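Student: Mind having a look at this structure? Questions to follow.
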Amino acid sequence: MNKKQKSDILWETMSWPEIEEKLKEVDTAILPCGAIEQHGPHLPVDVDYYDADWMAKVVAEQCQEPRPFVLPAIPYGVSYHHSAFKGTISVTNNALSALVYDIGMSLAHNGIKKLVILNGHGDNKPTLTYAAQMINRDSKIFVCVDTGESSDI
């Protein structure tokens, strides 16, 4: 198995002292969120997950220094409407909202002040928007949910 290459933007490749040091300059994180579901018989089921993860890295790389953190992508989304297709792994609105909320609150504890939730799956948007509102209410983090469909990202 290949080890992920060290990066100054990928949260999961950094040690806690490296994160602590970077937090002195960076107060923004990007959370990619996708889904595992069918996209026709010719494509893999990770299209939404892969796209969100890839886009988050591209966006962070294009930012001026100091660049934001890119968090590990959430692969699962609200995809019950695709349950007839084998390979779909869906979570409930409550499960996704609770996970994103907990991540946001942990980020607030770490000192993050701005969170961009980069959504790769349209049906996640209402759930992610709700979670963003609750994170903002409870932690005062500015949270933006972007589906990439109507943005300049």
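Derivation of every value follows stated rules applied to the coordinates shown; laboratory data play no part. All values reported here derive from a predicted model rather than from experimental measurement. FYI the Cβ positions are ideal-geometry reconstructions off the backbone, even for glycines, and counts take in every protein chain you see.
Student: So how long is each side of the chain along the principal axes, counting just the alpha-carbon atoms, biggest first, in Å?
Tutor: 48, 38, 31
Student: In what sequence do ARG137, ARG67 fall when counting other Cβ within 10 Å, fewest first?
Tutor: By the 10 Å Cβ count, ascending, the order reads ARG137, ARG67.
Student: A further question on this structure: Calculated FRET efficiency, ALA84 and LEU43, Cβ-Cβ r, R0 22 Å, to nearest 0.05? Numbers along the way, then the final one.
Tutor: On the way: r = 17 Å, r/R0 = 0.76.
After rounding to 0.05, the efficiency reads 0.85.
Student: Say the dipole of the stretch 32-146 comes from +1 at the beta carbon of Lys and Arg and -1 at that of Asp and Glu; which of PRO41, VAL145, GLY87 then lies farthest toward its positive end?
Tutor: VAL145
Student: Given +1 on the Cβ of Lys and Arg, -1 on the Cβ of Asp and Glu, and no further charges, what dipole in debye does the chain carry about its Cα centre, rounded to the nearest 20?
Tutor: The dipole magnitude comes to about 240 debye.
Student: Going by average Cβ density within 10 Å per residue, which order do the peptides 140-147, 122-129, 12-19 take, highest to lowest? Don't skip to the answer; put the middle values down first.
Tutor: Working: 140-147: 17.4, 122-129: 19.8, 12-19: 11.9.
Averaged packing, sorted descending, gives the order 122-129, 140-147, 12-19.
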